[in-house]
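Undergrad: Mind looking over this structure? Questions follow.
The values are calculated or read from the model by the stated rules, or taken from the named source; none is laboratory data. All of these numbers come straight from a predicted model, not from anything done at the bench. So basically every Cβ, Gly included, is an ideal-geometry build from the backbone, and we count neighbours across all protein chains shown. When the accessible area is computed, the model is the full protein with side chains, heavy atoms only, and any ligands, DNA or RNA have been set aside. Shrake-Rupley method; radii C 1.70, N 1.55, O 1.52, S 1.80 Å.
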Amino acid sequence: MLFLQGESSCEVEEWITVLQNAVTHAILSQQTVCGEKETSLRVQRPQLQQSHSSPDITRISTDSHTGGRRSSLSPLSALTSVATSYVEDIWSVPGNEICADCEKSKPKWASVTLGVTLCIDCSGVHRSLGVDISQVKSLTLDTLKPEWIDKLKSVGNRTVNELYEHEIPQDFSKEFKSEQDRRHFIRQKYFDLAFMMESNREAEQTRRSDSLEKKKQAQAAERSHRRHASADQLLDAIKQSSTSSVASKKHSMQSNSDKILAQNSSSVAGSSSQKLSAGQPSGVFGRIGQSLRSVKNAMMEYTKNEF
């Protein structure tokens, strides 16, 4: 089982794109092969072709009107026609027709950051260096940006090797005996800058250090922005929750107050009706009336006794 690992999200996306393009290439290639087989059968048995044929842009058919053969553009041709044109242009630059690291012919991969062409074996090692040093793309499966193509044409393998292999031993052989030798050489060449001139090495190390520092600052700024955004979202959620809670409590208190007032009103009304029905005075005038009635009753009782 093959495991592919990316050191960053960008590299993971690159791997996914390459694999998707490779699958598309394989499917369309199989369709083209099947189409060619069916075409040969149709040429041998034209009577079946007339009775069962249907238009298909992936097949080559005989033009009955002109008597010649015509070929329609297949999806595979549409996918690779543009790539083939700029691949040939890249290979036409002296030195680009071979791998920059092992000198294998017709390399179909490239480091777009360095501006060199690579074979598939060396491209795998370049991926392990990280995209800051070497960003790998396929010349046939990936869609190359115009600036990448221009860099591969204007810089190329010879210029890069003059810089990165300036102090390489004269008897050094690029026919690697093992993959470990290949990895060791490529890492020495591009990561350690072991074969570069001293002044150029210092300048490249300074450039990489500055680039790494800028990258760290950008990542820190992005993390800070995300933290602030998360904090703002949290504060908004808290405010919304507090507003809802206060409104709910206010409504609950108002409801409870209304209930208490209703209960008190019922209690007072019941008590007053009970007092009135029992003949009890209500208020100051009620008490005065009761006193007057008591005095009247007392005088009537006295008069009755006297007479």
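Here's the yes/no breakdown for (1) in contact with a strand residue (DSSP E or B) (Cβ under 7 Å, 6 or more places away or on another chain); (2) open to solvent by less than 40 Å² (accessible area, probe 1.4 Å); (3) free of Cβ contacts under 8 Å to residues at least 60 places away in the same chain; (4) of a type in the set (F, W, Y):
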| residue | (1), (2), (3), (4) |
| --- | --- |
| I90 | yes, yes, no, no |
| P94 | no, no, no, no |
| S105 | yes, no, yes, no |
| V112 | yes, yes, yes, no |
| V116 | yes, yes, yes, no |
| D121 | no, no, no, no |
| L129 | no, yes, no, no |
| S134 | yes, yes, yes, no |
| K137 | yes, yes, no, no |
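Undergrad: Starting from residues that are in contact with a helix residue (DSSP H, G or I) (Cβ under 6 Å, 6 or more places away or on another chain) and assigned to a helix (DSSP H, G or I), keep the ones in segment 183-238 and report whichever is nearest to P169 (Cα to Cα).
TA: K189
Undergrad: What are the residues in segment 168-196 that are among the charged types (D, E, K, R) and closer than 24 Å to V93 by Cα, if any?
TA: The first filter runs over segment 168-196 and keeps only residues among the charged types (D, E, K, R), leaving 171, 174-175, 177, 179, 181-183, 187, 189, 192.
Within segment 168-196, K174, E175, K189 meet the criteria.
Undergrad: In segment 141-156, is there at least one residue being open to solvent by 60 Å² or more (accessible area, probe 1.4 Å) and polar (S, T, N, Q)?
TA: Restricting attention to segment 141-156, the residues satisfying the condition of being open to solvent by 60 Å² or more (accessible area, probe 1.4 Å) are 143, 145-147, 150-151, 153-154.
From the residues that got through so far, the ones that are polar (S, T, N, Q) too are 143, 154.
Scanning segment 141-156, I find at least one residue that is open to solvent by 60 Å² or more (accessible area, probe 1.4 Å) and polar (S, T, N, Q), so the answer is yes.
Undergrad: Follow-up question, since we're still on this one. Give just the number: which of (1) open to solvent by less than 30 Å² (accessible area, probe 1.4 Å); (2) closer than 22 Å to G124 by Cβ does M196 not satisfy?
TA: Going through (1) open to solvent by less than 30 Å² (accessible area, probe 1.4 Å); (2) closer than 22 Å to G124 by Cβ one by one, M196 breaks only (2).
Undergrad: Restricting to segment 129-182, give me the number of residues that are part of a loop (DSSP other than H, G, I, E, B), aliphatic (A, V, I, L, M) and farther than 13 Å from V112 by Cα.
TA: First, pick out the residues of segment 129-182 that are part of a loop (DSSP other than H, G, I, E, B): 129-135, 139-145, 155, 165-178.
In the following step, the residues that additionally are aliphatic (A, V, I, L, M) were identified as 129, 131, 133, 139, 141, 144, 155, 168.
With farther than 13 Å from V112 by Cα added as a condition, the list becomes 129, 141, 168.
Total meeting the criteria: 3.
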